[in-house]
1. Can you give me the number of residues within region 357-381 that are buried (at least 22 other Cβ atoms within 10 Å of the Cβ), among the aliphatic types (A, V, I, L, M) and in a strand (DSSP E or B)?
2. Please count how many residues of region 300-314 are open to solvent by less than 50 Å² (accessible area, probe 1.4 Å) and either closer than 16 Å to residue 271 by Cα or assigned to a loop (DSSP other than H, G, I, E, B) (or both).
3. Return the residues of region 249-284 that are among the hydroxyl-bearing types (Ser, Thr, Tyr) and either on the phi > 0 side of the Ramachandran plot or open to solvent by less than 40 Å² (accessible area, probe 1.4 Å) (or both); say none if nothing qualifies.
4. Go through the residues of region 217-227 one by one and say whether even a single one is within 17 Å of the chain's Cα centre (by Cα), without any contact (Cβ under 8 Å) to a residue 40 or more places away in the chain and within 19 Å of residue 326 (Cβ to Cβ).
5. State which residue is farthest from residue 335 (Cα to Cα) when the search covers only region 178-211 and only residues that are in a strand (DSSP E or B), open to solvent by 10 Å² or more (accessible area, probe 1.4 Å) and among the hydrophobic types (A, V, I, L, M, F, W, C).
6. Determine, yes or no, whether residue 64 is within 21 Å of residue 159 (Cα to Cα), of a type in the set (S, T, N, Q) and surrounded by fewer than 24 Cβ atoms within 10 Å (Cβ to Cβ).
7. Just checking, does region 324-338 include any residue being assigned to a loop (DSSP other than H, G, I, E, B), surrounded by 17 or more Cβ atoms within 10 Å (Cβ to Cβ), in contact (Cβ under 8 Å) with a residue 24 or more places away in the chain and of a type in the set (S, T, N, Q)?
8. Of 37, 41, which residue is open to solvent by 20 Å² or more (accessible area, probe 1.4 Å) and either among the acidic types (Asp, Glu) or more than 17 Å from the chain's Cα centre (by Cα) (or both)?
Amino acid sequence: MQQYDVIILGAGAAGLMCAARAGRRGLKVAVLEKAEKPGKKILISGGGRCNFTNTGTGPGNFLSANPHFAKSALARYRPRDFIALVDGHGIEWHEKTLGQLFCDGSAKQIVQMLLDECSQSSGIVDVICDADVSAVVKEGDAFAVSASGAHYSARSLVIATGGPSIPKMGATGFAYDLARQFGLKVVEPRPALVPLTLGEDDLLFRELSGVSAPVTARAGTGKAKASFKEAALFTHKGLSGPAILQASSYWRHGEEVGITFIEQKDAEWLIGIKRDNPRSGIRSALRDHLPDRLADALAMKLAAELGIETELGNVPDKLLRAAGAKLADWRFSPNGTEGLAKAEVTIGGISTSDLSSQTMEAKHIPGLYAIGEAVDVTGWLGGYNFQWAWASGAACGDSIAA
């Protein structure tokens, strides 16, 4: 039995940050990773350049059954703290859009930085890959873990194995199974930041595969409602692109998604075109704002639903107002998502009601912690989930009893 102060299950973003912080405090740490190398999800993020944080990160950028839970950790480890770490390792970076920061080089630099932080700590941090955990039990004041024929023991155990999104990379619901084993509640997980699928009624839009346009997408109801002004992408299955991925986190089966294709301050903008150029058609009016294929598809739908298929000069103002309103709030009824296989993250997870927001420790199981995506805290697209990984990992690593 190999003895440690803390065992961290998972060498992803949160797990490695936790290990580095705990190691810096002189603790002996074992990080057990099922994959053949650490940080696999970091390596594929941001197109291989890792969108490692977002400068605009705040509690409002996260979804959770308890929207206040993330405040403490996020306040104590901010984007500027991680930027300082990146700068200290000489990693060049740039801001892309909306506060999203990426490596100039490769995501490998972030993984290596975290490993260097672990190896340079005053304690001992062993990152052990190909360690497939088969059993976890609590024996007195210690946790015993069996993994790939080896046995480990520690006073503290950290669940940092993430959620089940992107299963082709080995992601599973192991964190939830382990949480339930110790009596922790789990908020029902579902795919988030995921493309939406459309049914036969919207076949016309599925045939636009590859077409992209700036839109505003809205989803959700009541307090769980949000809108995102970014690009939407039509696919052979339905809708994707940043605006749709963001909205998907708020969408529930049976609900609609609203999309603003053309946003005009004057709701009667089509009437203005009719007045200035009565011989123009709806198709040409839309082509002035949207990609041709999308404009043609929308014009076809408007012709079928409102009868607008002639020169605008022949169309009653009432119908033009209706067309303008529809273009400002076009309703889609997705029949599902592309599931965990295409989801970037998972909404839900280990319930925050069972965890301390200060330390990430289970309230009723001393020495048991949960961090990162395993917890019911899910960020928007654009570096927010990494910032939660860094913040929750730091909160935990700084709090584990020496």
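The values are calculated or read from the model by the stated rules, or taken from the named source; none is laboratory data. Please read all numbers here as calculations on a predicted model, not as lab measurements. With ideal geometry, Cβ positions are generated from the backbone for all residues, glycine too; neighbour counts draw on all protein chains shown. Note: accessible area is taken over every heavy atom of the protein model, side chains too, but ligands, DNA and RNA are not part of it. Shrake-Rupley method; radii C 1.70, N 1.55, O 1.52, S 1.80 Å.
1. 3
2. Filtering region 300-314 down to residues open to solvent by less than 50 Å² (accessible area, probe 1.4 Å) leaves 301-303, 306-308, 312-313.
Add one more test, that the residue is either closer than 16 Å to residue 271 by Cα or assigned to a loop (DSSP other than H, G, I, E, B) (or both), and what stays is 302, 306-308, 312-313.
So the count comes out to 6.
3. We begin by selecting, within region 249-284, every residue among the hydroxyl-bearing types (Ser, Thr, Tyr); these are 249-250, 260, 280, 284.
249, 250, 260, 280, listed by residue number.
4. yes
5. 186
6. yes
7. No, the conditions are met nowhere in region 324-338.
8. 37
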